[in-house]
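Engineer: Input: one structure, supplied below.
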Amino acid sequence: MARPRRSPISNPLDAFDLAILKVLQRDNRTSQRVIGDHVNLSAPAVQRRIRRMEGEGVIQANVAVVDPARVGQGLTIIVMVQMENESVELVDKAKREFSEDPNVQQCYYVTGPADFALVVSVEDMADYEEITRRLFFTNGNVKRFETLVVMDRVKVSLQVPINVPG
């Protein structure tokens, strides 16, 4: 499976776009009027820019960041996965399997001693054991995996650092 190409941005991001993104990353419920006041644009101009950035994939989602413990997912685990064979087909298959699992919160294809780094959210160790059976032990291409149990969520952020010129 070929890696999907990202379509180029038809209009490069300018200082207004970057300033809008910076506000939206802090709180995507900020009204367009308030954003406009902050970046010196009208609310309709802000709305047009946000729609364009959504259409071009710059803004990928508008989500709520949830405390896992408050919804019964009290254990976060980082898993380093080493594959037996790194053929394109098998790596793409692993990417799909990891991406489709609802307990896998983040999946990174990485360099170094591991091939994948996963962030997994589970209720408890019994839940994690079931996931290891499903994703790793029954997958003939997983050579080994290392489990790191998170003791404290020191920082959780989905914000991308944005430097606004000017």
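The values are calculated or read from the model by the stated rules, or taken from the named source; none is laboratory data. It should be emphasised that the depicted structure is a prediction, and the values quoted were computed from it without experimental measurement. Positions of Cβ are generated from backbone atoms using ideal geometry, with glycine treated the same way; all protein chains shown enter the neighbour counts.
Engineer: Look through Ile77, Ile20 and report the one residue that is within 30 Å of Glu146 (Cα to Cα) and at pLDDT 95 or above.
Structural biologist: That would be Ile77, the only listed residue that is within 30 Å of Glu146 (Cα to Cα) and at pLDDT 95 or above.
Engineer: I'd like the residue in the range 139-166 that is β-branched (Val, Ile, Thr) and touching a helix residue (DSSP H, G or I) at 6+ places or on another chain (Cβ under 6 Å) and, out of all such residues, is modelled with the highest pLDDT.
Structural biologist: So, considering only residues that are β-branched (Val, Ile, Thr) and touching a helix residue (DSSP H, G or I) at 6+ places or on another chain (Cβ under 6 Å), the one modelled with the highest pLDDT is Val142.
Engineer: Which of the residues belonging to the range 61-87 are in a helix (DSSP H, G or I) and in contact (Cβ under 8 Å) with a residue 40 or more places away in the chain?
Structural biologist: If the condition is that a residue be in a helix (DSSP H, G or I) and in contact (Cβ under 8 Å) with a residue 40 or more places away in the chain, then Pro68 is the only one that fits.
Engineer: If I filter the range 31-76 down to residues being under 18 Å from the mean Cα position of the chain (by Cα) and among the charged types (D, E, K, R), which single residue comes out as nearest to Ala117 (Cα to Cα)?
Structural biologist: Asp67
Engineer: Within the range 144-160, can you find the residues that are surrounded by 12 or more Cβ atoms within 10 Å (Cβ to Cβ) and either among the basic types (Lys, Arg) or not in a strand (DSSP E or B) (or both)?
Structural biologist: The answer is Arg144, Val150.
Engineer: Of the numbered conditions (1) within 30 Å of Gly112 (Cβ to Cβ); (2) modelled with pLDDT of 95 or more, Gln25 satisfies every one except a single condition; which is it?
Structural biologist: (2)
Engineer: Starting from residues that are surrounded by fewer than 16 Cβ atoms within 10 Å (Cβ to Cβ) and among the polar types (S, T, N, Q), keep the ones in the range 83-109 and report whichever is nearest to the chain's Cα centre (by Cα).
Structural biologist: Gln106
Engineer: Against the definition (loosely packed, with under 11 Cβ neighbours inside 10 Å, at pLDDT 95 or above, assigned to a helix (DSSP H, G or I) and not assigned by TED's automatic domain parsing to the domain that holds Val23), how does Ala126 come out, yes or no?
Structural biologist: When the stated conditions are applied, Ala126 passes them.
Engineer: Now, a different point. Please go through the range 107-123 and give me each residue that is closer than 21 Å to Val66 by Cα and either modelled with pLDDT under 95 or outside any strand (DSSP E or B) (or both), ordered by number.
Structural biologist: Glu123
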